[in-house]
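The values are calculated or read from the model by the stated rules, or taken from the named source; none is laboratory data. The structure displayed is predicted, hence computed values, not measured ones. A quick note on method: Cβ atoms are made from the backbone with ideal geometry, for glycine too, and the neighbour counts reach across all protein chains shown.
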Amino acid sequence: MAGKTDGKRIDRLNACIRKCVEKFRPPENISVSQWADRYRRLSPENSAEAGKWRTERTPYLKEIMDAFKDPKVHRIVVVSSSQVGKTEAELNMLAYAIDQDPGGIMFIMPTVDVAKDFSKRRLAPMIRDTKRLRKKIADAKSRDGDNTVLKKTYPGGMLTLVGSNAPAPLAGTPARYIFGDERDRWARDAGGEGDPWKLAEARTITFYNYKMVEVSTPTIEGDSPIVDSFHTGTEEYWCVECPHCHEYVFIEFEHILYEHTAKKTNHKTSYSVEKAEFACPECGCISPESVMRRQPHKWVAKNPGARKNGVRSFWINAFSSPWLGWKTIVLRYLEAKKDPEMLKTVYNTLFGKTWNGERFTDETDGEMMERREEYDAELPEGVLCLTCGVDTQDNRLEYEIVGHGFEKENWGIQRGVIPGKPSDGDVWERLDGIIDRTYRFREGKGLKVSCTFVDSGGHYTQEVYEQCAKRLGKRVFAIKGKDGEDRPYTDLPRKTRIIKEDRVIGEVWYYLIGVDAGKEKIMYMFGDRDEQKWHIPSNPGKGYDASFFNGLLSEQMVFRNNKWKWEKIPGHNRNEALDCRNYANAAFDALKPNLHALYRRLAENADGKGNKKKVFKKQGKRKDIGYGEDW
């Protein structure tokens, strides 16, 4: 009995000794990529190729990771598209520091909520599945102050995860290692304390061997902190050798030649990409993707002298990703090219490029006038829904009625001016005549305006509120325009009070609209030469003269005071046409009508038999279609 007890004690003692030896084992003389190949395990929750890490699968990450061990490199900057493994490279460097060269680590995410999600979804599985880390970092416990979701202790240091908008941890936590993830999406000011990256950098000043790793997909041209940081470093691009001229080239979307077909099904266009090949910008020779994948690759530095300052910077995009084929990238571009918001995402996350916020068309007003067309009726075929945008001025209302169809196709229907102050009831009665009437197709059927957005800015806010409240049954809503790149185009309606002669006389529903997003959509649509989705009538009396295009194309985005803003272009003095179109489009965006139901209702025979013949008259009566609650 005593022998068994002694044996158990010896086993426990040996286990304790092994644990101590493992915990205090001297660091191995290996690089980050070698450590990852030897010890790192990819978790099934976050990888389609779970299991042992293989640097050879993503060879472009080797140089980035190994720069982390270089004693002469203190800052690493990575500008990257999505789906190239940049986050896993960060985690490998983080894990290497904990296991081989421990010290205080600060991992900064855009917000605290994002940091918590990252800890649970990415960090915790890595610790669980990587034995070397599992032995050193205890599970997060709610009552353990040293190991929580945002704090992880290990022999020799502590990992702290923070949000860029939290000034206290940024300003008060010393750290030898700083990791900054998705840098372009950080707060620009941490609670009034200044630039979060500068605050974090100040935490490293007591460490001669500090490391700072800054990683992000780029965002807006001229307003991308990660791109600014990139240009302070070696400016290295992942280049491939052309098999014809043997020059090393960084593959970009502009170098891809592709063939595709477009097919319309149920009023929606689908694309198929048959071919995507590389056209070398140096020699012009064409090579298929399969050949380019097998060609030698290497990092080529445009500013190698920055290495002596301890800063290495890298740029890579999805054309080097082993998980994305070139045809897939081209397909996503084709699917997004008609929507500037979607296209911006493709540029940032696949092309790995900043988005240029400039005006999308360089055609003159006269050239745009030449692209007008003659309508054979008030409503051309294809129009399914009408909305109206109204801009208020001190002495008039300006309006435009816009028709909308499938796949963001739209038609200018009527624009005009109603003279008079917005405080005059007569002005609004004349607007009623515009939005209450039925606009006809050639065959006789008609549509009414389904929703009207009226600008409530300026000197007549309360008068606009009062008049819109009276017309709620006609879906006439006041709107307030808000600038800002990240503001959504339309949001849920909200209520505000109507004040007259210093007393509250009622309430009104109104919408906040992101005018910057709306203007971007307009400029992009009118600048698209590949497939014209806009239609403007040349018919006399419709109001679409030279002043319309002069006003519609009156603004462009410029970068001033560290932000993008819309400003008037010299020679374009009035922008009411742009505002009216913006409000009409916003009304359609907020309305979100069922276009397929509207199409079926317009297409069916007036006798109710459901025939798809365009017979619009029955016994001298005409059927008018508008957006209704049951559609």
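A few points about this structure:
- Scan of region 171-191 for residues that are touching a Phe, Trp or Tyr at 6+ places or on another chain (Cβ under 9 Å), surrounded by 19 or more Cβ atoms within 10 Å (Cβ to Cβ) and of a type outside the set (Phe, Trp, Tyr), ordered by number: 175, 176, 178, 180, 181, 183
Rundown of residues vs (1) assigned by TED's automatic domain parsing to the domain that holds residue 68; (2) assigned to a loop (DSSP other than H, G, I, E, B); (3) over 28 Å from the mean Cα position of the chain (by Cα); (4) of a type outside the set (Phe, Trp, Tyr), yes/no style:
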| site | (1), (2), (3), (4) |
| --- | --- |
| 127 | yes, no, yes, yes |
| 137 | yes, yes, yes, yes |
| 180 | yes, no, no, yes |
| 194 | yes, yes, no, yes |
| 199 | yes, no, no, yes |
| 206 | yes, yes, yes, yes |
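- Here the condition is being of a type outside the set (D, E, K, R) and in contact with a strand residue (DSSP E or B) (Cβ under 7 Å, 6 or more places away or on another chain); of 199, 123, 159, it holds for 159 alone.
Let's see how each residue does on (1) assigned to a helix (DSSP H, G or I); (2) over 30 Å from residue 547 (Cα atoms); (3) not aliphatic (A, V, I, L, M):
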{"residue": "322", "(1), (2), (3)": "no, yes, yes"}
{"residue": "333", "(1), (2), (3)": "yes, yes, yes"}
{"residue": "342", "(1), (2), (3)": "yes, yes, no"}
{"residue": "345", "(1), (2), (3)": "yes, yes, yes"}
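- Every pair of residues 6+ apart whose Cβ atoms lie under 6 Å, when the first sits in region 373-395 and is touching a residue at least 60 places away in the same chain (Cβ under 8 Å) and small (Gly, Ala, Ser) while the second is assigned to a strand (DSSP E or B) and surrounded by fewer than 24 Cβ atoms within 10 Å (Cβ to Cβ): 377/441
- The sole residue among 532, 467 that is at pLDDT 85 or above and either assigned to a helix (DSSP H, G or I) or of a type outside the set (Val, Ile, Thr) (or both) is 467.
- The residue list 162, 112 contains one member that is in the same structural domain as residue 45 (by TED's automatic domain parsing), buried (at least 18 other Cβ atoms within 10 Å of the Cβ) and either touching a Leu at 6+ places or on another chain (Cβ under 6 Å) or in contact (Cβ under 8 Å) with a residue 40 or more places away in the chain (or both), which is 162.
- Among residues of region 303-319 being in a loop (DSSP other than H, G, I, E, B) and crowded, with 17+ Cβ neighbours inside 10 Å, the one that is farthest from the chain's Cα centre (by Cα) is 310.
- Test: residue 474 is outside the structural domain of residue 184 (by TED's automatic domain parsing), over 22 Å from residue 399 (Cβ atoms) and more than 30 Å from the chain's Cα centre (by Cα): no
- Complete set of residues in region 56-74 that are touching a residue at least 60 places away in the same chain (Cβ under 8 Å) and assigned to a helix (DSSP H, G or I): 57, 60, 63, 64
To keep it simple, each residue is scored yes or no on (1) surrounded by 14 or more Cβ atoms within 10 Å (Cβ to Cβ); (2) at pLDDT below 90; (3) farther than 19 Å from residue 352 by Cα.
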| site | (1), (2), (3) |
| --- | --- |
| 251 | yes, no, no |
| 265 | no, yes, yes |
| 273 | yes, no, yes |
| 278 | yes, no, no |
| 296 | no, no, yes |
